1. How many residues does the range 83-106 hold that are open to solvent by less than 60 Å² (accessible area, probe 1.4 Å) and under 18 Å from SER38 (Cα atoms)?
2. Scan ALA152, ALA176 and give me the residue that is among the small types (Gly, Ala, Ser), open to solvent by less than 60 Å² (accessible area, probe 1.4 Å), within 20 Å of VAL130 (Cβ to Cβ) and in contact (Cβ under 8 Å) with a residue 60 or more places away in the chain.
3. Kindly indicate whether THR127 is closer than 23 Å to LYS186 by Cα and either surrounded by fewer than 16 Cβ atoms within 10 Å (Cβ to Cβ) or touching a Pro at 6+ places or on another chain (Cβ under 7 Å) (or both).
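The values are calculated or read from the model by the stated rules, or taken from the named source; none is laboratory data. None of the values given here were measured: they were computed from a predicted structure. Glycine gets a Cβ as well: all are built from the backbone with ideal geometry, and neighbour counts include every protein chain shown. Just so you know, the surface numbers come from the protein's heavy atoms only, side chains and all, with ligands and any DNA or RNA stripped out. Shrake-Rupley method; radii C 1.70, N 1.55, O 1.52, S 1.80 Å.
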Amino acid sequence: MKSIFTSRQVIIPCIATIGVGILGFWASVSAKPQTPPSFTKVENPGEFKLEGKGEPSVLNQKEKLPGRRVILGSDDRIPMTSRDYPWSAIGKIEGIGADGGGYSCTGTLIAEDVVLTNAHCVVNPETRKVSQAIAFEPNLVNGIVKSKNDVAYATNVHYGTDFQNGDLADYANDWAILKLNKPIGKKYGRCINAG
């Protein structure tokens, strides 16, 4: 498998957050992609011919979203330690932003080589710039992927907003679809059945 990262610069996963909080679980994110994914802003999501009523599910919020999200109240989340389906189809997106800084998000396999995530995971809402590189790590348990050979890289990205309005309306189309470089959904499953 050809890596999109140069051999002289390595991304090292680690357990603790190092440096700035946005780096997440990466100790070093100075890698530059050899081939960044192509990006397409989608004006009409109907072109994907998805089933359903096409009605958005948007939180009814009257206030502007805060710049950084936090957990309100106590953190009562329970770690997921199962490698069974459907949890296996959920994974972590590791990206390198236009500024070279690292970030992470969550994504879900919806086809053998397609991941559904949010536009803010591929386009920085503040700078409106797209990511340089995006990797998908399926079914992490305690921050560890089952097999490093199963890490896939985005080759094409379709997204619903580029945050040009700079307001809450941008978040109504806060979705993105990543086309991966290999069909890891054959092994990990997908959360949408196509027929």
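1. Looking only at that region, the number is 7.
2. Every option except ALA176 fails the conditions.
3. Criteria not met by THR127.
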